[in-house]
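First the structure, in the form of structure tokens, and then the observations on it.
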Amino acid sequence: MSIEAALWAELTGDAGVSALISTRLYPEHLPQSPTYPAATYRRISTLPVYCRANNGRFQQVRIQIDCYAETYASALALADAITAAMEGWTQASGPRVDRAYVANRQDNFADLLGEDGEIGLYQESVDFFVWFSA
């Protein structure tokens, strides 16, 4: 299982995140005409972690999760729920996740093109470093 598939399973299986977005967590970009709030995720970078004990099997990935909502408070609440789930994320296998922590968080305002023209959404972006081995 890829780290992205494991991330999706972890977040959509978390009670706090699921209560806000159910399974509306999408790779890369939102689908056309989504229900809000919703979130997207993408891998920003991957770095191998070398030491004598692991021979490069561990990796550090930077994953960005963008939270979209029609209100600022909803975007913040979703980002808070995702942060709480991610900071507690460890798993023993498939892939093994040793640690996840916030690398950056920022407010944005997203101008997206909707069916009736441009729509403005509140966007909270949170970047995480995740240490894992496949």
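The values are calculated or read from the model by the stated rules, or taken from the named source; none is laboratory data. All of these numbers come straight from a predicted model, not from anything done at the bench. We place every Cβ from the backbone using ideal geometry, glycine too, and count neighbours over all the protein chains shown. Quick note on the areas: whole protein, heavy atoms, side chains included, nothing else; ligands and nucleic acids left out. Shrake-Rupley method; radii C 1.70, N 1.55, O 1.52, S 1.80 Å.
Some notes on this structure:
- Failed criterion for E118 (all others in (1) of a type outside the set (S, T, Y); (2) under 21 Å from E28 (Cα atoms); (3) in a strand (DSSP E or B); (4) modelled with pLDDT of 90 or more hold): (4)
- Any hit, the stretch 28-41, residues being surrounded by 14 or more Cβ atoms within 10 Å (Cβ to Cβ), in contact with a strand residue (DSSP E or B) (Cβ under 9 Å, 6 or more places away or on another chain), in contact (Cβ under 8 Å) with a residue 60 or more places away in the chain and part of a helix (DSSP H, G or I): no
- Some residue of the stretch 10-17 being on the phi > 0 side of the Ramachandran plot and open to solvent by less than 40 Å² (accessible area, probe 1.4 Å): no
- For T23: the one exception among (1) outside any helix (DSSP H, G or I); (2) in contact (Cβ under 8 Å) with a residue 12 or more places away in the chain: (2)
- Of all residues assigned to the stretch 86-93, none qualifies as being open to solvent by 70 Å² or more (accessible area, probe 1.4 Å), charged (D, E, K, R) and in contact with a helix residue (DSSP H, G or I) (Cβ under 8 Å, 6 or more places away or on another chain).
- Number of residues in the stretch 1-20 that are part of a loop (DSSP other than H, G, I, E, B) and either touching a His at 6+ places or on another chain (Cβ under 9 Å) or of a type outside the set (D, E, K, R) (or both) equals 2.
- Scanning the stretch 61-73 for residues that are open to solvent by 30 Å² or more (accessible area, probe 1.4 Å) and at pLDDT below 95 yields E70, T71, Y72, A73.
- Residue list for the stretch 32-47, restricted to those being farther than 18 Å from A5 by Cβ and either touching a His at 6+ places or on another chain (Cβ under 7 Å) or not β-branched (V, I, T) (or both): Q32, S33, P34, Y36, P37, A38, S45, L47
- A Cβ distance below 6 Å, combined with a sequence gap of six or more or placement on separate chains, defines the contacts here; from the stretch 58-74, residues that are closer than 12 Å to I44 by Cα reach residues that are assigned to a strand (DSSP E or B) and charged (D, E, K, R) in the pairs V61/R43; R62/D127; I63/R43; Q64/R42; Q64/D127.
- Failed condition for A6, given (1) loosely packed, with under 12 Cβ neighbours inside 10 Å; (2) in contact with a strand residue (DSSP E or B) (Cβ under 8 Å, 6 or more places away or on another chain): (1)
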